[in-house]
Structure formats: C-alpha cells, structure tokens
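The structure appears below as structure tokens.
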Amino acid sequence: MTDHVTQSVRDGQRAGFAMLVGLALGMVAANSPLADIYAIVHHLPLRVGAGTWAIEAPLIEWINQGLLTVFFFLIGLHTNHELTRGALSEPGAAMLPASAALGGMIVPAAIYFGVNAGDTVALRGWAIPIATDIVLVLGLLSLFSGRVGPAIIAFATAAAIFDDLGSVAVIALFYGQFDQLWPLWMVAGGLAGLFILNRTRKASLASYMAFGCILWAGLIMTGLEGAVAGAIVGLSLPLSSFPSNAAIRTERRISPFALFFVVPIFAFFNGGVVLDFVPADPQAKSVAIGIAMALIVGKPLGLLGGTVLALRLRIGSLPPDTSMRDVFGVSLLAGVGFTMSLFIIGAAFEATPIAGTAKLAVLSSSAVAASLGIIALKIR
C-alpha cells in the first residue's frame, strides 16, 4: 500500500470517529434543554459585504456553503492527484472504479425514482442516495487493516472519489436556483480565470484561490451551491507544473482542518434532528423508504453491476489479489452516505419536515449498510 493510501486510511479512521462525535453532539443538543439555544445558533443571521455586494445568510448556510468548500477542495485535489500521479494515472486503471461508481449512482437514483414516482416534491431528493461518504468508508476499512488487501482499499477509495465527484456535478447542475443573472458574469470570470491558469500551467496556488473566491461569490449570488467552487479549484490545478509532492503536502496540510474541524462542525449542525417520534406524513415516509432501499439495496447492486459490466466489456480488470467477494463487501459499505447526502437534503428540502425524516433515513440506512459491510468482510 502506498504511503498516500495508508495515510488516507489512518485519517479516515480518526475523521470518521470525529464525524460521529459531531453527529452525536448535534443529536443531543437538538433533543435536550439546549434545543432552543441550538436552534438560535443554527439560524443565526450573518452578513458579509456591503450594499448589493453583500451576502446575508444564517450560520448553517455559511457552514454548508462556506466551510464545506474546504472539504470540497480536498475532494477535488485528492481526485486530481489520483488521476495524474496516483493509482488512477495508469491507462485504463480508472475505468473499473469509475464504472462501479457510475453504477452505484444510477441504480440508487432509479430505485428512489421508482418509489417516489409521481410526487414532484419527493422527487427533488432523487440524488440523496447516490453519494458514498469516503471518510466513513475509509474509517470502516481501517478496522480491517492487515486483513484486507491494499488493492481493494485502493479500489474502494477510487470508486468513492468518482462517486463524490459525480455528486458534486449533480449538485452543481440540479440543485441551484438562479435568483439573479448578473452575478453569472462573476461565475464566468472565475471559471475563465481558472481555465487560463490551467492552460498556461501557472504554478501559483494563490492565483487559483483568487479566481476560486470570485467563482464562489458568483455561485452564491446566483443562488447556486457555492461549495462546488472548492472542488473545481482542486481539479483545475495543473499538478505537473507544481514542485514534486507539492499536492500531497498541500493535501496533508488541509486534511486536518477539513476532516477534524469542518466535517465534525458540518455533522453537528446538520445532524441535529429532533426525535419527536410523531408519525411521518405519507410524503416524508415515501422519501424515507426510497432512501433506505436505494442505500441498502441499490448501492451494492449498482456498484457490483458497474464492476461486472466493466469486466465483461474488458475495459477494466480487478486489482491484483482481489476477488468479487472483496468487491461485494466494499459494495455493501458503499451504502454509507453522510456528508454529501445531508448536503443534498438541505438543497432539496431545506427546512421542511421532510428534511428531518430524510436525515434520519440516511443515518439509519447508513448504519445498516455499515453493519452488513463489516459482516461481509469479516466472513471473507
């Protein structure tokens, strides 16, 4: 196992624990005498800027659209590194996990569509079950360190990377609402600047961050998901023009802040679901059933189907010392959705009663998927 993958697994174990602590604290705060204080802080209005250039939003939006941009940047940078210098840089090496990830997105979405067909409101959540939480999956795989081969861990990591990247694209394309048109010029300017820097192989991280900030502000002002800017900046960096291992050093500097501060804070404020035990209305119940079936059943079927398809078409091959039994265990773990899923819930349902039910469905279904995956890997 490369040092980079080993470090990712170790970080995944600790970050997964930190994320679960943040989630637990959020659940306690939302269901205790501190609930009123939690709600006030959760929706605390914050304004940055002046006049028409000001952005005003509650604290939860600054976390989801601001702080989470750092996590999205980490995803983009990690993907960029793997595609240019890592496990996915060899010709054809990316095809198998990419096909697996694509199947793991299409099948859950299709199941969710089938369960909620005809309900336009519920169908806004179709993308909730398409995302696998790479942090938690790596944390779970770390439990089998030494017993699970490095090749299957690299495969799981690559599939989760493509999964997250696909989720970022879905968020950008389907979960934005154009409130104003003129800030689109800022979006266009930010994208153009990043493109020019990439084509000229400019090796200045500060320049990319500057255009990334313009892109982020433009996305926010148009009503789109600003956090996507982080992934775009991470992917746009021409790593071959940077000094050797600069990307890895940058990733390692950002990882602690992103994984041990940003993600737990996100979990704390997004996972605080009120457990009032009031029966959900039929619409919310349908959303929950769709999420559960998609994560527990659809994710494994999709990932396995995408893997088998790539093998049959001979566009990819299993990693060395890896069997379909290994892939099966990983496919069950792929049903663990958290960060991206909760983010999409916020974009799809905002602060509606459906959002709370959807969050509980994601959390409970992820727990079931994790349990099934652990059992399968132990039996292996």
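The values are calculated or read from the model by the stated rules, or taken from the named source; none is laboratory data. Computed from a predicted structure; not experimentally measured. A quick note on method: Cβ atoms are made from the backbone with ideal geometry, for glycine too, and the neighbour counts reach across all protein chains shown. Quick note on the areas: whole protein, heavy atoms, side chains included, nothing else; ligands and nucleic acids left out. Shrake-Rupley method; radii C 1.70, N 1.55, O 1.52, S 1.80 Å.
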Of 374, 64, 169, whose Cα points farthest to the positive end of the dipole of the chain (charges on the beta-carbon: +1 Lys, Arg; -1 Asp, Glu; origin at the Cα centre)? 374
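Protein chains only, probe 1.4 Å: how do 36, 163 rank by accessible area, largest first? Walk me through the intermediate numbers first.
Working: 36 115, 163 5 Å².
Sorted descending by solvent-accessible area, the residues read 36, 163.
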Among rounded, prolate and oblate, which fits region 200-345 when a ≥ b ≥ c are the square roots of the eigenvalues of its C-alpha gyration tensor, a/c under 1.5 means rounded, and a/b larger than b/c means prolate? oblate
Determine the equivalent ellipsoid of the chain by diagonalising the alpha-carbon gyration tensor, then write out the semi-axes as square roots of 5 times the eigenvalues, largest first, rounded to whole Å. 30, 28, 19
Which lysines have a Cα less than 19 Å from the Cα of residue 299, not counting those fewer than 8 places away in the same chain? 359
From the Cα gyration tensor of region 189-271, with a ≥ b ≥ c the square roots of its eigenvalues, which class applies: rounded if a/c is under 1.5, or else prolate if a/b is larger than b/c, or else oblate? oblate
For region 276-366, shape from the Cα gyration tensor axes a ≥ b ≥ c, cut at a/c of 1.5 then a/b versus b/c, turns out prolate
Could you give the nm distance between label points at residue 275 and residue 209, where each point is 7 Å from its Cα heading toward the beta carbon? 4.1 nm
So if a site counts as exposed when it's one of the chymotrypsin sites (Phe, Trp or Tyr not before Pro), its DSSP state isn't H, G, I, E or B, and it has at most 11 other Cβ atoms within 10 Å, what's the longest stretch of the chain without one? 1-177
Farthest toward the dipole's positive end in region 250-367, which of 313, 348, 272, given Cβ charges of +1 (Lys, Arg) and -1 (Asp, Glu) about the Cα centre? 313
Quick tally, 1.4 Å probe accessible area for 106, 374, sorted with the most first, runs 106, 374
Spin-label pair residue 378/residue 36, simplified geometry with 7 Å Cα→Cβ offset, distance in nm: 4.5 nm
